[in-house]
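The values are calculated or read from the model by the stated rules, or taken from the named source; none is laboratory data. Please read all numbers here as calculations on a predicted model, not as lab measurements. All Cβ positions, glycine included, derive from the backbone under ideal geometry; neighbour counts span all protein chains shown. The protein model used for the area step is the full one, side chains on, heavy atoms only, and it has no ligands, DNA or RNA in it. Shrake-Rupley method; radii C 1.70, N 1.55, O 1.52, S 1.80 Å.
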Amino acid sequence: MKLVVVSAGLSVPSSTRLLADRLAAETKAKADVEVEVEVVELRDLAVEIAHNFTNGFPGRKLAAALDAVAGADGLIVVTPVFSASYSGLFKSFFDVLDQDALTGKPVLIAATGGSARHSLVLEHALRPLFAYLRAVVVPTAVYAASEDWGAEGLPERVERAAGELAALMTGLSAGRPDAPAAPAKAEAGGFEVIPFAEQLAALRPAG
């Protein structure tokens, strides 16, 4: 299973990349299957993204990054906050991505900023963007202000969001045609769980 992390941090070292790495590590730990993690640093693709807008063709590195995102089983996207929204580089990358590439794909959204006042960027900017791209956005979004590093609350949000992404990734993977069939009956909390189709068949009159 493949997890792709898109980081739009510009500085080195970057708090955006640090948050991305924490989310990826926690998601990998929460998954009950082996997860391969690939990181896409948008800082390294800025020139090729700009050229893609002017000539309509992605460069070699950008094409590889776009293919990685399209082929991922799950996605973590992290952007710094600029002017109360996601960065222009972040938006530009998803503007050149094929409009159907994220359909049905689990996505964890996150952002970093200098003040907690910008935390609503997750709900008024990032969540609508990925809803428009028809991705499945996990309920918990993660924002990290400067004062959040080393403070209470951030580790819990990271853990909760990562758990939701891992559950979506493994759940959607299990629903694929090539996935092994689930047992007809399972035990949950000491009670037998019978599939709905089997229950419905039992209610039909004989003959």
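Under the shape rule built on the C-alpha gyration tensor, where the axes satisfy a ≥ b ≥ c, the range 1-127 is oblate, since a/c reaches at least 1.5 while a/b does not exceed b/c.
With contacts taken as Cα pairs under 8 Å and at least 6 residues apart, the range 64-142 reaches a relative contact order of 35 percent. Taking the range 38-54 and a reference point 7 angstrom along Cα→Cβ of Ser11, the backbone N atoms nearer than 16 Å belong to 43. Sequentially through the range 4-16, phi angles give Karplus couplings (6.51, -1.76, 1.60; θ = phi - 60°) of 10, 10, 10, 10, 9, x, 10, 8, 9, x, 10, 5, 5 Hz, Gly and Pro residues having no value and appearing as x. As a fraction of the 1.4 Å probe accessible area of the range 22-92, surface on carbon and sulfur atoms comes out at 52 percent. Nonpolar atom fraction for the range 101-154, defined as the carbon and sulfur part of the 1.4 Å probe accessible area, stands at 57 percent. Using the Karplus relation 6.51 cos²θ - 1.76 cosθ + 1.60 with θ = phi - 60°, the per-residue 3J(HN,Hα) values for the range 95-102 come to 5, 8, 6, 4, 5, 9, 5, 9 Hz, with x marking Gly and Pro. Given a 1.4 Å probe and the protein chains as shown, Arg22 ends up with an accessible area of around 100 Å².
Here is the list for the range 2-68: GluC sites (Glu not before Pro) lying in DSSP coil, each with at most 12 other C-beta atoms within 10 angstrom of its C-beta, are Glu34.
Amide H contacts of Ile76 (H built 1.01 Å from N, in plane; Pro and chain starts excluded): Val4, Val5, Val6, Leu108 sit under 5 Å, all sequence-distant by 5 or more or on other chains. Protein heavy-atom accessible surface, 1.4 Å probe, per residue over the range 86-143: 41 Å². Partner lysines whose Cα lies under 21 Å from the Cα of Lys2, excluding those fewer than 8 positions away in the same chain, are identified as Lys28, Lys30, Lys61, Lys105. In this simple spin-label approximation, Ser83 and Phe57 carry label points 7 Å from Cα along the Cα→Cβ vector, and these lie 3.2 nm apart. Averaging the sequence gap over all C-alpha pairs within less than 8 Å and six or more residues apart, then dividing by the number of residues, gives the range 10-156 a relative contact order of 21 percent.
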